[in-house]
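Please read the structure below before turning to the comments.
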Amino acid sequence: MVDKTATKLHVKTINDAKGSGEYALDGHEKVNGVAKGVISRVTNGENKHEPEPIEATASYKKYPLAYELSQTPFLYPRPIKVIVAGAGASALSFAHGVESGNLRNIDLKIYEKNAGLGGTWFENRYPGCACDIPAHAYLFTWAPNPNWSQYYVSAPEILDYMNDVADKYNLRHYITPSRKVVESRWLQDEQKWQITTRKTDGRRTVISSYGITEGELGEETVEKCDVFINASGFFNHWRWPKIPGKEAFRGNIVHSADYDVSLDLKGKRVAVIGNGSSGIQVTAAVQPLASQISVFIRHPTWIFPNLGSKFVPDGNNLTFSEEQQTQWVRDPQSYLEYRKAVENELNDGFPFFIHGTKHQADAKAFTIQEMNRRLSPRPEMIDELIPDFPVGCRRPTPGTGYLEALVAPNAELVWGELGSFTPDGIRSADGKERKFDVIICATGFDMSFTPRWPIIGIDGVNLQER
Ligand SMILES: Cc1cc2nc3c(=O)[nH]c(=O)nc-3n(C[C@H](O)[C@H](O)[C@H](O)COP(=O)(O)OP(=O)(O)OC[C@H]3O[C@@H](n4cnc5c(N)ncnc54)[C@H](O)[C@@H]3O)c2cc1C
Ligand SMILES: NC(=O)c1ccc[n+]([C@@H]2O[C@H](COP(=O)([O-])OP(=O)(O)OC[C@H]3O[C@@H](n4cnc5c(N)ncnc54)[C@H](OP(=O)(O)O)[C@@H]3O)[C@@H](O)[C@H]2O)c1
């Protein structure tokens, strides 16, 4: 609230008092210990004092730049406009910084190409998609969630959490969905970024990959900002296997990151390509449904026990009772202690990434023992599946149900390169064709870090070409 009668000073609203921020102008005299001409902003119960922008002296008006500068007194946080590309976890965290007042005087806009926020957790809907980090460690520190249903939660529950967070913390008004960033250009003379966005037709998911314009409508908007943040994520530019014949395949072919949730896999012959985290989760979930599953793998990987599973009696997962959730709601301190214990458990695992440590040797011995046990129904797989590189060289992948799926009677492991897709299935490099109804490519993402739209910097240099 700004009381304009309490002062002779010209008052400009620093921000529009949206969300939790509230403003009050103290008069010329000291009021409540606050010096005159100072705006006190109340944020989450804390008083933060900001100098008030003042009318410049008339003489400055002759010199436009001096006049403009004189509007911003010493210690006043210069108003800046920030544009963010993407509305995943990173953008929500930034928006919360602005909304809560930790980042002050920011005019924020977030453009999201998809029809909804959530990024990774909006896009990935393949069977079995989940977080393999304990949920109580996979949240915003400022948005604790005593109501997670399980120790490791599925993708839809994480997406719900993100939507709830956006509502509860009043972040949605910063986000414009269905608008894709298509160019960012640094304007040297103005010291500003110029961002071009294009409206999309409202489809659920839009691809951001240079040259792909599917779903974009013609309408473009060009805006300037002081800071541009590329929060477009690493894992939403999916990669198909680079083999011929994809269009010729007559069944359903999907990428794990763009999964068609209407697919009925019951009784189908299914191929899964890849054994990264996505391939591992999807294989475990699909094998019990499919009549037959073939898993195409090029390299072995370590299959770990679940990360931070010390708190899970059977090592797989744990469903939290309503009583437990209510107890954490009622007693935030005990919930905080639990979260810290889970976080400590995860952090304690760090030394196994360091080559030559006892920790790594122990982790390797334990993982080999577990892989042997779980693969015992098909012992011939053990030598093939246990890698010769140290644990931690590839992302540690806990695979609840994965090895069990591979040794199931309806499963087949196919090693080596792919040759091509055919109208009926997949021909592997050795020339053998296998027939499928559905092919799931869990073949990962373009990790080249090449910007997906032109980012043009000083002297017109396009980062895409660097
Ligand atoms: C299946 C899967 C499971 C994962 N599991 C875990 C896990 O267990 N633990 C963990 O720590 N991490 C996990 N990750 C990593 C996960 O991506 C991060 O934890 C986190 O969600 C990334 O958030 P982000 O906001 O940085 O990026 P993203 O979530 O990727 O969000 C980026 C957003 O930018 C948008 N965007 C892209 N291009 C444009 C454009 N041109 N214009 C406008 N918007 C654009 C996208 O649509 C997207 O909404 C997982 C990733 C995947 C794919
Ligand atoms: N925490 C989780 O629960 C979770 C779940 C899913 C994803 N993620 C994260 O998301 C990121 C991406 O994971 P991802 O599994 O989607 O991708 P990924 O780790 O890059 O794995 C892609 C897989 O596809 C294979 N592949 C690629 N092209 C191929 C081809 N032409 N022929 C045969 N195989 C091919 C790769 O084999 P090669 O190894 O032989 O190249 C690899 O096994 C990772 O950081 C991961 O941690 C996390």
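May I ask for the angle, rounded to the nearest 10°, between helix 89-99 and the longest principal axis of the chain, with both axes built from Cα atoms and the value confined to 0 to 90°?
The helix 89-99 is inclined about 20 degrees to the chain.
Under a plain spin-label model, where a point goes 7 Å from the Cα along Cα-to-Cβ, how far apart in nm are LYS224 and GLU68?
0.7
Contour minus end-to-end for ASP258 and ASP383, with contour as 0.36 nm per residue of separation and end-to-end as the Cα-Cα distance?
On the way: separation 125, 0.36 × 125 = 45.00 nm, distance 3.32 nm.
Stretched out fully, the ASP258 to ASP383 stretch lengthens by 41.7 nm.
Within 10 Å, at most 10 other Cβ atoms, and a DSSP state outside H, G, I, E, B define an exposed site. Report the longest part of the chain free of exposed chymotrypsin sites (Phe, Trp or Tyr not before Pro).
Details: sites that count: PHE74, PHE234, PHE449.
Looking at the chain, 235-448 is the longest stretch - no exposed chymotrypsin sites (Phe, Trp or Tyr not before Pro) with at most 10 other Cβ atoms within 10 Å.
In degrees, nearest 10, range 0 to 90: what is the angle between the Cα axis of helix 358-374 and the longest Cα principal axis of the chain?
Rounded to the nearest ten degrees, it is 50.
Helix 332-348 versus the longest principal axis of the chain: what is the Cα-based angle in degrees, 0 to 90, to the nearest 10?
Taking the Cα atoms of the chain, the angle to 332-348 is about 60 degrees.
At a temperature of 37 °C and a viscosity of 0.692 mPa s, determine how fast the chain diffuses translationally according to Stokes-Einstein, using the Kirkwood radius over alpha-carbon pairs as Rh; express D in µm²/s, rounded to the nearest whole number. Don't skip to the end; give the middle numbers.
On the way: Rh = 25.9 Å.
Stokes-Einstein gives a translational diffusion coefficient of 127 µm²/s.
For a quick check: with amide H placed at 1.01 Å from N, whose amide H comes under 5 Å from THR397's, ignoring anything fewer than 5 positions away on the same chain?
Distant-sequence amide H within range of THR397: PHE304.
Can you sort HIS359, HIS173, HIS237 so the residue with the fewest Cβ neighbours within 10 Å comes first? It would help to have the intermediate numbers written out before the result.
Details: HIS359 17, HIS173 13, HIS237 20.
Ascending number of Cβ neighbours within 10 Å: HIS173, HIS359, HIS237.
Note down the relative contact order for segment 144-219 as a percent, whole number, built from C-alpha pairs under 8 angstrom at least six residues apart. Don't skip to the end; give the middle numbers.
Working: 61 pairs, mean separation 14.9, N = 76.
Result for segment 144-219 is 20 percent.
Rounded to a whole number, what is D in µm²/s for segment 197-316 from Stokes-Einstein with the Kirkwood radius over alpha-carbon pairs (37 °C, 0.692 mPa s)? Write down the numbers at each step before the final one.
On the way: Rh = 18.3 Å.
Stokes-Einstein gives a translational diffusion coefficient of 179 µm²/s.
For the pair SER149 and GLU417, how long in nm is the line joining their label points, each one 7 Å along Cα→Cβ?
4.4
Hey, with R₀ at 51 Å, roughly what FRET efficiency would ASP167 and GLN188 work out to, going by the Cβ-Cβ distance, to 0.05? Before the final figure, lay out each step's value.
Values: r = 40 Å, r/R0 = 0.79.
With a Förster radius of 51 Å, E is 0.80.
Can you give the % of DSSP beta bridges in the chain that are antiparallel, to the nearest 5?
On the way: 36 of 70 bridges.
Antiparallel: roughly 50 percent of the beta bridges in the chain.
Taking 51 Å as R0, compute the FRET efficiency from the Cβ-Cβ separation of GLN333 and PHE449 and round it to 0.05.
Working: r = 42 Å, r/R0 = 0.82.
E between GLN333 and PHE449, to the nearest 0.05, is 0.75.
Given the C-alpha centroids of segment 288-304 and segment 361-378, what is the distance between them in whole angstrom?
Rounded to whole Å, the Cα centres lie 17 Å apart.
Show log10 I(q)/I(0) for segment 88-231 at q = 0.10, 0.13 Å⁻¹, two decimals, from a solvent-free Debye sum over equal Cα scatterers.
-0.40, -0.66
Per DSSP H run of n ≥ 4, the term is -39500 (n - 2.57); total these for the chain, divide by its residue number, and report the mean residue ellipticity at 222 nm rounded to 500 deg cm²/dmol. Present the calculation step by step, with values, prior to reporting the outcome.
Values: 10 runs with 100 residues, N = 466.
Dividing the helical sum by the residues of the chain leaves -6500 deg cm²/dmol.
Given H placed on each backbone N at 1.01 Å, which residues far from LEU108 in sequence or on other chains put an amide H within less than 5 Å of it?
VAL82
List every residue whose amide H lies under 5 Å from the amide H of LEU217, counting only residues 5 or more places away in sequence or on a different chain, with H placed 1.01 Å from N in the peptide plane.
Close amide H contacts, sequence-distant or interchain: LYS199, THR200, ASP201.
How long are the semi-axes of the equivalent ellipsoid of segment 127-183, taking √(5λ) for every eigenvalue λ of the Cα gyration tensor, in whole Å from largest down?
Values: eigenvalues 115, 49, 18 Å².
In descending order the semi-axes read 24, 16, 10 Å.
How high is the relative contact order of the chain, in percent, counting Cα pairs under 8 Å that sit 6 or more residues apart? Walk me through the intermediate numbers first.
Numbers: 896 pairs, mean separation 77.7, N = 466.
Across the chain, relative contact order equals 17 percent.
Using r as the Cβ-Cβ distance of GLN325 and SER93, and R0 as 22 Å, what FRET efficiency do you calculate, to the nearest 0.05?
Values: r = 24 Å, r/R0 = 1.10.
After rounding to 0.05, the efficiency reads 0.35.
Coordinate-derived values only; no laboratory data. What you are looking at is a predicted structure, and each value in this text was computed from that prediction instead of being measured. In this analysis, Cβ positions are derived from the backbone assuming ideal geometry, glycine residues included, and neighbour counts consider all displayed protein chains.
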